[in-house]
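Chemist: For reference, the structure I am asking about is given below.
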Amino acid sequence: MSGLARFKARFRRERVRLDLGDIQAMILRSRPEPYVGAHAMVHIDDAAGGRDLIARLAEHIPSARDWAEDRSAWTGVAISYDGLQALGVPGGSLASFPLPFQQGMAARAEQLHDYGIDAPENWDKAFSPGTCHIALSIYAQDQNALDTALDLAMSELKRSAGVTLIGVHPFGADEDAKNPFGFRDSISQPTVAGSGVDAQPGQERAIAAGEFILGENSETGVPLGTPQPSELGDNGSYVVLRKFVSRVGAFNDYLRSQADDAEGQHQLGAKMFGRWRSGAPLVLSPDHDDEELGADPQRNNNFDFKQDPKGLMCPHASHMRRLNPRDSPLTILTDVNIHRIIRRSSTYGPKWTPEVTAADDAQEDRGLYFIFISARAFDTIEFMQQEWINGGNFVDLGIESDPIVGLHDDTNNSFTIPAEPARRKLRGVTTFNRMAGGEYMFMPSLTALRWIGAQGWAK
């Protein structure tokens with residue numbers, strides 16, 4: 001059974017409580033497997049020209065109304081705070097957005113731990129502060145569908161005056177949907193209450209819609225702060241976009257330095273990620289990879305950590321367990337449900353192979369766009385960067401960072417693997433993903449896109 005068929009079996013339109021016809025499809029619709037796509041970044045030079053582009057793009061952005069139906073390609077649009085300013089959105093509306101969004105990602109470098117090689121001065125030009133005003137993301141099932149959708153988007157841009165295309169970056173992965181390091185990606189996704197589907201296997205319940213959709217009740221029982229007026233804020237969400245260049249060769253070299261054979265290297269990589277390359281979770285298959293398990297969405301996320309409190313199967317320090325601790329005992333009190341995110345990450349560059357070495361890293365454009373959607377997006381990413389990614393206190397690991405996406409230096413280069421009678425602490429972990437740019441974005445509803453395009457504030 002295909003992924004779409006499995007989803008249709010869980011979808012009941014009579015259970016829908018959200019205004020799916022006003023929510024961008026990309027918020028709720030998962031990428032296909034295999035997938036191809038492109039991210040396009042646009043700068044607004046003239047407010048009128050920018051609004052004209054937004055008005056025309058709004059006609060091509062699908063809603064989530066038909067998210068259970070087959071679709072060969074779909075496009076999402078998000079706008080930065082500087083972009084909203086450049087579009088001429090009134091000051092009162094701009095002031096109703098959260099402060100981190102107003103400041104932008106580069107200005108939040110300290111809160112995000114974007115230091116050293118990750119600092120904004122080292123980012124790609126497309127992500128220089130104030131440059132990326134509009135981000136268009138297209139996901140497609142195949143290259144023909146992508147070409148059609150991309151041609152349509154580019155034709156609208158060519159018809160536009162007062163806007164500049166500052167970059168287009170293709171991405172894609174085969175049916176294994178693996179990230180740059182060869183591990184199946186974006187397996188764990190929350191179920192949104194009111195979307196018409198039941199909680200997925202391994203989930204206790206659906207998460208309150210307001211954690212993802214502005215204007216809906218959150219986990220606290222009331223809506224989070226929503227941009228005003230309601231035509232602008234309701235049914236929208238926020239997006240964190242972070243582009244990483246992956247040092248796949250350095251990662252391979254590290255595994256080789258710590259394990260003598262391919263099987264040992266494979267196992268160590270799984271310990272660092274928390275899953276085997278197939279996607280099979282360590283807590284369900286601790287001793288060997290299980291490709292059938294990894295490919296089965298009914299089972300590959302159907303677990304918790306109650307049977308592994310000491311981390312003997314899946315280390316507390318692993319990437320997966322850090323970013324979704326589930327029911328792990330945490331030293332720092334945290335409500336995991338208010339830090340859930342909808343992942344829309346996309347892999348770019350050559351497919352992983354074990355032969356790649358650090359000498360190859362500088363020659364290949366390979367990495368990941370880490371993209372997620374949440375009504376608490378900015379608080380969540382800054383919390384994750386400070387506590388779950390670049391720290392270890394929440395699991396009694398001091399300053400130990402995430403082995404995959406954390407920053408590492410000579411004072412912070414360890415990875416702890418629990419074992420009995422004594423745990424194993426590996427040294428020499430380096431920074432395997434370099435931050436190449438990003439931005440905080442707002443993903444408006446279709447009503448809001450039309451409101452902006454029609455200068456709705458002037459009516």
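Please treat every number below as a calculation from the coordinates, not as lab data. Not measured: the values here are computed from a predicted model. Quick reminder, even Gly has a Cβ in these numbers, built from the backbone with ideal geometry, and neighbours come from all protein chains shown.
Chemist: What whole number of Å gives the distance from the Cα centroid of the range 341-416 to the Cα centroid of the range 26-104?
Modeler: Comparing the Cα centres of the range 26-104 and the range 341-416, I get a distance of 25 Å.
Chemist: Quick one: the Cα spread of the range 187-258 along its three principal axes, in angstroms, biggest first?
Modeler: Over the range 187-258, Cα extents along the principal axes are 54, 31, 20 Å.
Chemist: Can you tell me which of 376-383, 276-283, 94-101 comes out highest on packing, and rank the rest after it, using the mean Cβ neighbours within 10 Å?
Modeler: Ranking the peptides 376-383, 276-283, 94-101 by packing returns 276-283, 376-383, 94-101.
Chemist: With only Lys, Arg, Asp and Glu charged, each at its Cβ (+1 for the first two, -1 for the last two), find how big the charge dipole of the range 1-142 is about the Cα centre; round to the nearest 20 debye.
Modeler: Charge dipole, the range 1-142, about its Cα centre: 860 debye, nearest 20.
Chemist: I'd like the orientation of helix 248-258 relative to the chain: the angle between its Cα long axis and the longest Cα principal axis, in ° from 0 to 90, rounded to 10.
Modeler: 20 degrees
Chemist: Let me ask another. To test your reading of the geometry: what angle, between 0 and 90 degrees and rounded to tens, separates the Cα axis of helix 143-158 from the longest principal axis of the chain?
Modeler: 40 degrees
Chemist: For the chain, find the longest principal axis of its Cα atoms and tell me its angle to the long axis of helix 262-273, 0 to 90°, nearest 10.
Modeler: 50 degrees
Chemist: Which Rg and Dmax, in Å, describe the Cα atoms of the range 189-313?
Modeler: 19.8, 61
Chemist: Expressed as a whole percent, how much of the Cα-Cα distance distribution for the range 418-459 exceeds 18 Å?
Modeler: For the range 418-459, the share of Cα pairs beyond 18 Å comes to 66 percent.
Chemist: Could you state the per residue volume, in Å³, of the convex hull enclosing the Cα atoms of the range 102-169?
Modeler: Measuring per residue, one finds 120 Å³ for the Cα hull of the range 102-169.
Chemist: Can you give the three extents of the C-alpha atoms in the range 247-318 along their principal axes, from longest to shortest, in whole Å?
Modeler: That works out to 33, 27, 21 Å along the principal axes.
Chemist: Return one quarter of the surface area of the convex hull spanned by the alpha-carbon atoms of the range 249-375, equal to its mean projected area, in nm².
Modeler: Projected over every direction and averaged, the Cα hull of the range 249-375 covers 9.3 nm².
Chemist: Once the cut-off is 19 Å, how many percent of the Cα-Cα pairs in the range 1-99 end up in the long-distance tail?
Modeler: More than 19 Å apart: 56 percent of the Cα pairs in the range 1-99.
Chemist: With a bin width of 10 angstrom, please list the P(r) values of the range 359-427 as percents of all Cα-Cα pairs, from the 0 bin to the one holding the largest distance.
Modeler: The calculated distribution, bin by bin, is 17, 36, 31, 15, 1.
Chemist: Short version: ³J(HN,Hα) in whole Hz for each residue of the range 105-115, in order, from phi by Karplus 6.51 cos²θ - 1.76 cosθ + 1.60 (θ = phi - 60°), x for Gly and Pro, what are they?
Modeler: After applying 6.51 cos²θ - 1.76 cosθ + 1.60, I find 5, 4, 6, 9, 4, 5, 5, 8, 6, 8, 10 Hz.
Chemist: Give the Kirkwood hydrodynamic radius (Å, one decimal) of the range 141-246, defined as one over the mean of 1/r across all pairs of different Cα atoms.
Modeler: The answer is 17.8 Å.
Chemist: For every helix of n ≥ 4 consecutive DSSP H residues, a contribution of -39,500 (n - 2.57) applies; sum these over the chain, divide by its total residues, and give [θ] at 222 nm rounded to the nearest 500 deg cm²/dmol.
Modeler: After summing the helix terms and dividing by the residues of the chain, the value is -6500 deg cm²/dmol.
Chemist: Further question on the same structure: So for the range 320-459, what percent of the C-alpha to C-alpha distances run longer than 18 Å?
Modeler: 68 percent
Chemist: Have a look at ILE417, THR431, LEU449 and report the one farthest towards the positive end of the charge dipole of the range 379-459, computed about the Cα centre with Cβ charges (Lys/Arg +1, Asp/Glu -1).
Modeler: Among ILE417, THR431, LEU449, the one farthest towards the positive end of the dipole of the range 379-459 is LEU449.
Chemist: What do you get for Rg/Rh over the chain if you use C-alpha atoms and the Kirkwood form of Rh?
Modeler: Expressed as Rg/Rh, it is 0.95.
Chemist: Also, quick follow-up: Based on Cβ point charges of +1 for Lys and Arg and -1 for Asp and Glu, what charge dipole magnitude is obtained for the chain about its Cα centre, in debye rounded to the nearest 20?
Modeler: 780 debye
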